[in-house]
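Working notes, beginning with the structure itself.
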Amino acid sequence: MLTLERNAQALRLELAEREKTISRLKADLERQRNGEKALVAESVRAEIEKLMKDLATPAAQLLTQAYLLEVEGKPVQAKDVLAVARRLVRSLEAVGLTIIGQVGEAVAFDPNRHIPLSAETALQAGEKVKIKVVGVGYQGKVLRKAGVERA
């Protein structure tokens, strides 16, 4: 009987030790996860900051052009506004934005990438269409389908 009690006590001690080990490992895992989350958050923040830095100048230029036109009544050249808009688009493309199609381009209709501009227009896959409004994608996903009309 005494031997059984000693064995039971030894098993209880071993179990308690294992439970402590499990608790310690869980705490270590949680710390590691939190550290990784912090690293990911910092990386995302740095990437967004870089993007915002690239967009800051063209955004300031557009707002200045709007002020000059709307408040001061000074003429703003359309080509100047377009140049700034192109800088914005190039900055977005540098981080993965993709333009789907080109205005005026004739292509085969793809319902996954194109949408008719008129609700009355019924288009079949493969039918020739003309792009009127480009589409936009990001990382292989279509964010906005290109607006098309029958060619």
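Is it the case, given these coordinates, that residue 149 is over 28 Å from the mean Cα position of the chain (by Cα), assigned to a strand (DSSP E or B) and either more than 27 Å from residue 55 (Cβ to Cβ) or at pLDDT 95 or above (or both)? Taking the combined requirement at face value, the residue satisfies it. Among the residues of region 82-104, just one is of a type outside the set (A, V, I, L, M, F, W, C), more than 16 Å from residue 137 (Cα to Cα) and surrounded by 13 or more Cβ atoms within 10 Å (Cβ to Cβ), namely 87. The set of residues in region 122-146 being touching a Lys or Arg at 6+ places or on another chain (Cβ under 9 Å) and in a strand (DSSP E or B) consists of 128, 129, 130, 133, 135, 136, 137, 142, 146. Consider residue 4 carefully, then state whether it is at pLDDT 95 or above and assigned to a helix (DSSP H, G or I). Answer is no for this residue. If you go through region 49-76 and pick out every residue that is exposed (fewer than 10 other Cβ atoms within 10 Å of the Cβ) and of a type in the set (Ser, Thr, Tyr), you end up with 0.
For the residues 91, 118, the requirement of being of a type in the set (S, T, N, Q), in the same structural domain as residue 47 (by TED's automatic domain parsing) and in contact (Cβ under 8 Å) with a residue 12 or more places away in the chain singles out 91. Scanning region 46-76 for residues that are among the small types (Gly, Ala, Ser), more than 20 Å from residue 139 (Cα to Cα) and assigned to a helix (DSSP H, G or I) yields 56, 59, 60, 66. Of 79, 37, all but one fail to be out of contact with any helix residue (DSSP H, G or I) (no Cβ under 6 Å at 6 or more places or on another chain), surrounded by fewer than 12 Cβ atoms within 10 Å (Cβ to Cβ), closer than 25 Å to residue 141 by Cβ and not assigned by TED's automatic domain parsing to the domain that holds residue 132; the exception is 37.
The values are calculated or read from the model by the stated rules, or taken from the named source; none is laboratory data. Model, not experiment: these values are computed from the prediction. Please note: Cβ atoms are built from the backbone with ideal geometry, for glycine as well, and neighbour counts cover all protein chains shown.
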